[in-house]
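Down below is the structure, laid out as structure tokens.
The values are calculated or read from the model by the stated rules, or taken from the named source; none is laboratory data. From a predicted model like this one, the values you see are computed outputs, not experimental measurements. Note that each Cβ is placed from the backbone with ideal geometry, even for glycine, and that neighbours are counted across all protein chains shown. Side chains included, ligands, DNA and RNA excluded: accessible areas come from the protein's heavy atoms. Shrake-Rupley method; radii C 1.70, N 1.55, O 1.52, S 1.80 Å.
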Amino acid sequence: MKYNPRVNEDFAFFPGFANLHPYQPEETVQGALQLMYELEQYLCEIAGLYRATLTPAAGAHGELTGLMLIKAFQEDRGEGHRDEIVIPDSAHGTNPASAAMCGYKVVEVASNDRGGVCIDALQKVVGPQTAGLMLTNPNTLGLFEEDILAISEIVHAAGGLLYYDGANANAILGKCRPGDMGFDIVHFNLHKTFSTPHGGGGPGSGPIAVRESLVDFLPLPLVERCDSQGAAKCQTGSGESTEEFFLDYDRPKSIGKIKGFHGNFLVLVRAYAYIRSMGPEGLRQASEDAVLSANYLMRKLSAVYDLAYDRTCKHEFVLSAKQQKAQGVTAQDIAKRLLDYGMHAPTVYFPLIVEEALMIEPTETESKDRLDR
């Protein structure tokens, strides 16, 4: 469980936030609209991209939304024939599921011996049929894609777009930005990276940020500020402005609504409070501490377990319990026994490319004593 400060829960339960109703007139919810407007700006800065939608209800919902944007963008350019999404063999299971739901064919690309995307394999599968590549960086093995700029160049040269699965974004906050790596669309899990508890049945939130070329296709509505491009929409008959922020539905190329109302608002409040209280230096330290914890624990455990890829990891790492299985103890047995001792069990049997996989993510708040235990 990542750090979820109680004060952010307190903010989410301010009566002015908790008691809002989505059918209220815009002039009565200006504070909420301002929070959404500013949160979008923060997420775009962190992603290195231009605009964002806060509506998606979770990470997989953000994936589906992003893929719908890719399809709308390419159809608008007369390239609706692109019907394949390339996905690494180490990817989260939601990636191929989301691509299939959006009507795409899924093309798997193999990993190399260092746990990253194999460049030779990628070059063989991309072409005029490629709509895009879905990738998380660091990937599901907890490893940073060393060839990300080459990967970006290959996909873009083929006419495809790059989609960033932000499930592991908590490893790179303040260190690097997906937009600078070449990604065109980025989703964030606010319920994993920015304060709201991860798991427990929800709710979650999966905003996506995009490059300027994709803004016209973002779902309805977007929050706009009256002193920017939306000034004309904020005038009364007398010419006086009645409000500062408004919801813009006048967007003809939009993919439309993807969820009732405007997203899981109280999750947005927690994320806004977390980002404002942490600031750039705090977000960077959270990622640095998570990476430090993971590498410390990885080196201690590599003496007992097989290390799937022996290189510096990011926020998580993957061990193999194949030695233990040979002696009659499986990865599942190990995970269940850890629960007996009150320890959070690792993810088991994932990624699928590692035999008897144990994926361990200690997070940024674990003390050295607890890691040693």
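Matching residues to (1) under 22 Å from the mean Cα position of the chain (by Cα); (2) at pLDDT below 95; (3) farther than 30 Å from GLU40 by Cβ:
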| site | (1), (2), (3) |
| --- | --- |
| PRO280 | yes, no, no |
| LEU292 | yes, no, yes |
| ASP306 | no, no, yes |
| LYS314 | yes, no, no |
| LEU339 | no, no, yes |
| PRO351 | yes, yes, yes |
| GLU356 | no, no, yes |
| MET359 | yes, no, yes |
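Condition check ((1) within 18 Å of the chain's Cα centre (by Cα); (2) open to solvent by 40 Å² or more (accessible area, probe 1.4 Å)) across all residues:
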| residue | (1), (2) |
| --- | --- |
| LYS2 | yes, no |
| ARG6 | no, yes |
| ASN19 | no, yes |
| PRO25 | no, yes |
| THR28 | no, yes |
| LEU54 | yes, no |
| HIS61 | yes, yes |
Considering only residues that are of a type in the set (Asp, Glu) and closer than 17 Å to ASN264 by Cα, look in the stretch 30-52 and name the one that is most open to solvent (accessible area, probe 1.4 Å). GLU38
State which residue pairs qualify: first residue touching a residue at least 40 places away in the same chain (Cβ under 8 Å) and within 19 Å of GLY260 (Cα to Cα) and inside the stretch 21-32, second residue of a type in the set (Val, Ile, Thr) and open to solvent by 60 Å² or more (accessible area, probe 1.4 Å) in any location, beta carbons under 9 Å apart, and separation of 6 or more residues or different chains. GLU26/THR242
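Here's the yes/no breakdown for (1) buried (at least 19 other Cβ atoms within 10 Å of the Cβ); (2) of a type in the set (Lys, Arg); (3) at pLDDT 95 or above; (4) assigned to a loop (DSSP other than H, G, I, E, B):
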{"residue": "GLY328", "(1), (2), (3), (4)": "no, no, yes, yes"}
{"residue": "ILE334", "(1), (2), (3), (4)": "yes, no, yes, no"}
{"residue": "HIS344", "(1), (2), (3), (4)": "no, no, no, yes"}
{"residue": "THR365", "(1), (2), (3), (4)": "no, no, no, yes"}
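VAL267: closer than 26 Å to PRO362 by Cα and either of a type in the set (Val, Ile, Thr) or modelled with pLDDT under 95 (or both), yes or no?
Numbers: closer than 26 Å to PRO362 by Cα: yes; either of a type in the set (Val, Ile, Thr) or modelled with pLDDT under 95 (or both): yes.
Spelling it out, VAL267 is indeed closer than 26 Å to PRO362 by Cα and either of a type in the set (Val, Ile, Thr) or modelled with pLDDT under 95 (or both).
For the stretch 82-93, name all the residues that are surrounded by 15 or more Cβ atoms within 10 Å (Cβ to Cβ) and part of a loop (DSSP other than H, G, I, E, B). Please lay out each step first, then the result.
Of all residues in the stretch 82-93, those surrounded by 15 or more Cβ atoms within 10 Å (Cβ to Cβ) come to 82, 84-92.
Scanning the stretch 82-93 gives ARG82, ASP89, SER90, ALA91, HIS92.
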Please determine, by comparing only the residues of the stretch 1-39 that are in a loop (DSSP other than H, G, I, E, B) and of a type in the set (S, T, N, Q), which one is modelled with the lowest pLDDT. ASN4
Return the total of residues in the stretch 275-300 being surrounded by 20 or more Cβ atoms within 10 Å (Cβ to Cβ), farther than 19 Å from SER320 by Cβ and not small (Gly, Ala, Ser). 3
Specify the residue that is farthest from GLY62 (Cα to Cα); the eligible residues are those in the stretch 241-250 that are open to solvent by 50 Å² or more (accessible area, probe 1.4 Å) and in a loop (DSSP other than H, G, I, E, B). THR242
In the stretch 94-114, how many are out of contact with any helix residue (DSSP H, G or I) (no Cβ under 9 Å at 6 or more places or on another chain), surrounded by fewer than 15 Cβ atoms within 10 Å (Cβ to Cβ) and not in a loop (DSSP other than H, G, I, E, B)? 1
Please name all residue pairs, on different chains or six or more residues apart, with Cβ atoms under 8 Å, provided the first residue is in the stretch 346-358 and is farther than 13 Å from GLY93 by Cβ and the second residue is β-branched (Val, Ile, Thr) and open to solvent by 50 Å² or more (accessible area, probe 1.4 Å). ALA357/THR347; LEU358/THR347
I'd like the residue in the stretch 119-170 that is under 16 Å from the mean Cα position of the chain (by Cα) and among the small types (Gly, Ala, Ser) and, out of all such residues, is surrounded by the fewest Cβ atoms within 10 Å (Cβ to Cβ). ALA167
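Answer yes or no as to whether VAL186 is in a helix (DSSP H, G or I) and either crowded, with 22+ Cβ neighbours inside 10 Å or touching a residue at least 40 places away in the same chain (Cβ under 8 Å) (or both).
Numbers: in a helix (DSSP H, G or I): no; either crowded, with 22+ Cβ neighbours inside 10 Å or touching a residue at least 40 places away in the same chain (Cβ under 8 Å) (or both): yes.
When the stated conditions are applied, VAL186 does not pass them.
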How many of the residues making up the stretch 251-265 are open to solvent by 50 Å² or more (accessible area, probe 1.4 Å) and in a helix (DSSP H, G or I)? 0
Can you pull out every residue in the stretch 189-219 that is modelled with pLDDT of 95 or more and either among the hydrophobic types (A, V, I, L, M, F, W, C) or open to solvent by 30 Å² or more (accessible area, probe 1.4 Å) (or both)? ILE208, ALA209, VAL210, ARG211, GLU212, SER213, LEU214, VAL215, ASP216, PHE217, LEU218
